[in-house]
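To start, the structure under review is shown below, and the notes come after it.
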Amino acid sequence: MGVAPELELRGVTCLRGGYLALKDASLSLAEGETLFAMGGAGSGKSVLLKTAAGIGIPNSGDVLYRGKSLGRMSSREEAAFRRASGFVFQDAALWANQSLFDNLALPARLHEPSWGPADVDRAVRRAADLVGYAQDLHARPAELSAGERKLVGLARALVLDPELLFMDDPSASLDEAAAERVYDIIAALKARGRTVLIASALSELASRCADCVAVLIDGSLCAVGTYDEAVTWVDPRVRAVTGRLKARTATPAWAGGLAGAWAEAIADDSFFLESAEPPTGEGPGFEAAARLSDIINDVEGADVATDGEKKDSS
Amino acid sequence: MLSKIGRAAIDGFDEFLYAMGFFARVLRESFLLLRRGQVGRRVLVNQILFTGIDALAIAAAMALAIGAAINLIGSSLLAEFGQGKLMYTILIIVITRELGPLLTAFVVIARSGTAIATELGGMAVGHEIEAYVAVGVNPISYIAAPRFLGVVISMTVLDVYFNVFGLIGSFVVVQLVHPIAFNEYFRNLFAVLTPGDLLSGVGKSLVFGVIISVVSLYRGFAVERSVTEVPVAGIKAVGSGFMLCILADVVMTSVQYLG
């Protein structure tokens, strides 16, 4: 008997506001895979993502996490699923009546009740560092620009270092530098074996990170396959969505797209050992902070490598 | 035409069943909140402060005015029939049994009902409720249950305040028209006040509190995608709240007097 996929949708249909937002969608995602749900505006990408994450309830069909239906989970199992997953909303969806710190701290306070305030504080600040948000964490979301809110929303999803991440248009509202950082974070998560489901219409991002591609048109999953298969799809309606995907060369596109030097470095196991900050204390907060430190090092390593490459080439 | 009426009836019945299911879940999570008392405690305290404490001034002012008006009208009218003593009975019936709970409910609907419906509607439009679900927070236990308990507790407290201020207001007017000793006034009042009057007032307050909170929460959660739905949710919360409270008042009063 084979290993159950980490996430599976079986014949999922969703009605939203009287129209069929998702029609009989089936797909599966193995552990460590990155799947891109691509499609135009209103094609059902966000509905697919929210249903897969158990935020929206399907009208028919089933969503399974490690073989267990989300709809039939006990409260303990559901809490474990929520602890293991993170969701990045298209519009950040920060809680307006709470400070940024409380926004980031809630998942930790909820799922790690044994953590003390220092542990929570450490995990929150590392998550903010990871996404490159260095402003006051006691501000309210309304005081931030859309791009900053998006970064904080990403940090909230990452604060517990989830093994399964859902990202709805992760680069929306971001400037180029912030978008680059988000791409690097996705690549670093991928390198760590995290499973990522991304809804985006951006071919460039898919070219860098996707293992699998799913194309949505008017709520129907018209094509699902590996990235290499997606590049060769010929159906004109599907090509209208995937037409700008570039065939990959020998270097994996998700790594090569980041920076050549970093791609080589990340392929070498010693990269993690050398760059990872050792935990400086004991306790669960230090463990989470250390895990996030690893990812930060990956991202910053990519920046350094990119800069180095630019200097070399100049 | 008939099919439209039939469809509307079926939709209305479906919505009623859905609302009952929602109410049952709110009730269940409220009991759990009382037992555990951790998640949502701050929201509960804030709700009681906003609904129960911040509304004290307006409830007290209304009660003083109503108590005074009843006394002014009653004392001149009843004296014509030589039934001046009935003033105390009328005060108790009107303030404790009827107007106290009902006017307090109107104050709470206008302040807290609209606030809850529009706040939740804003959260729904901003996907904040979905964000709670995504991190593993049950919106019913974290958002709905503390507000439900806060409104029910506050309604009861406000009704008690309304009674106290209404009867004091009446006493103040008595002093202007027919001066009477403080002890005598309250001795006459308590002579006609029965436990049934108190239970009736408190019972109505509890029922109105349940109606107002559940209607407001339901209307707020019903907002789906547009900011224009938010004020509509507030308006519907007020309209439905008023209608259901009056309906419940008629039913409870009928049971008390006809049963």
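In table form, for the structure just shown:
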{"item": "Those helices (runs of 4 or more DSSP H) lying entirely in the range A:162-254 with at least 2 residues among the acidic types (D, E) and under 30 Å from A:A123 (Cβ atoms)", "result": "A:176-191"}
{"item": "Unmet criterion (only one of (1) more than 14 Å from chain B (Cβ to nearest Cβ); (2) open to solvent by 30 Å² or more (accessible area, probe 1.4 Å)) for A:A139", "result": "(2)"}
{"item": "Residue check, A:A172 closer than 26 Å to A:S43 by Cα, open to solvent by 10 Å² or more (accessible area, probe 1.4 Å) and within 14 Å of another protein chain (Cβ to nearest Cβ)", "result": "yes"}
{"item": "Residue count, the range B:84-114 (criterion: of a type in the set (A, V, I, L, M, F, W, C), over 19 Å from B:G201 (Cβ atoms) and within 14 Å of the chain's Cα centre (by Cα))", "result": "1"}
{"item": "Test: residue in the range A:243-258 that is modelled with pLDDT of 85 or more, hydrophobic (A, V, I, L, M, F, W, C) and open to solvent by less than 10 Å² (accessible area, probe 1.4 Å)", "result": "no"}
{"item": "Filter pass, A:G18 being without any contact (Cβ under 8 Å) to a residue 12 or more places away in the chain and either within 14 Å of chain B (Cβ to nearest Cβ) or within 28 Å of B:G40 (Cβ to Cβ) (or both)", "result": "yes"}
{"item": "Residue check, A:M167 in contact (Cβ under 8 Å) with a residue 60 or more places away in the chain and closer than 20 Å to A:G56 by Cβ", "result": "yes"}
{"item": "Criterion violated by A:P5 - all others in (1) open to solvent by less than 50 Å² (accessible area, probe 1.4 Å); (2) more than 14 Å from chain B (Cβ to nearest Cβ); (3) within 26 Å of A:E148 (Cα to Cα) satisfied", "result": "(3)"}
{"item": "Subset of the range A:1-28 (residues that are within 19 Å of A:R194 (Cα to Cα) and in contact with a helix residue (DSSP H, G or I) (Cβ under 8 Å, 6 or more places away or on another chain))", "result": "A:L7, A:L9"}
{"item": "Identity of the residue in the range B:236-259, aliphatic (A, V, I, L, M) and either in contact (Cβ under 8 Å) with a residue 12 or more places away in the chain or under 15 Å from B:M155 (Cβ atoms) (or both), that ends up surrounded by the fewest Cβ atoms within 10 Å (Cβ to Cβ)", "result": "B:I246"}
{"item": "Single residue of B:A60, B:A65, B:A69 found to be open to solvent by less than 20 Å² (accessible area, probe 1.4 Å) and either in contact (Cβ under 8 Å) with a residue 12 or more places away in the chain or over 21 Å from B:A191 (Cβ atoms) (or both)", "result": "B:A60"}
{"item": "Wholly enclosed strands (runs of 3 or more DSSP E) of the range A:25-121 bearing at least 2 residues touching a strand residue (DSSP E or B) at 6+ places or on another chain (Cβ under 9 Å) and away from every other protein chain (no Cβ under 12 Å)", "result": "A:34-38, A:60-65"}
{"item": "Residue count for the range A:33-53, restricted to those that are at pLDDT 90 or above and open to solvent by 20 Å² or more (accessible area, probe 1.4 Å)", "result": "5"}
{"item": "Residue in the range B:18-29 that is basic (K, R), at pLDDT 85 or above and open to solvent by 60 Å² or more (accessible area, probe 1.4 Å) present", "result": "yes"}
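For every residue, the table says whether it meets (1) at pLDDT 85 or above; (2) open to solvent by 20 Å² or more (accessible area, probe 1.4 Å).
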| site | (1), (2) |
| --- | --- |
| A:M167 | yes, no |
| A:T195 | yes, no |
| A:R208 | no, yes |
| A:D218 | yes, yes |
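The values are calculated or read from the model by the stated rules, or taken from the named source; none is laboratory data. As the structure is a computational prediction, the values presented were derived from the model and not from experiment. Methodologically, a virtual Cβ is constructed for each residue, glycine included, from the backbone with ideal geometry; neighbour enumeration extends over all protein chains shown. Each accessible area value is taken on the protein alone, full model and side chains, heavy atoms only, with ligands, DNA and RNA left out. Shrake-Rupley method; radii C 1.70, N 1.55, O 1.52, S 1.80 Å.
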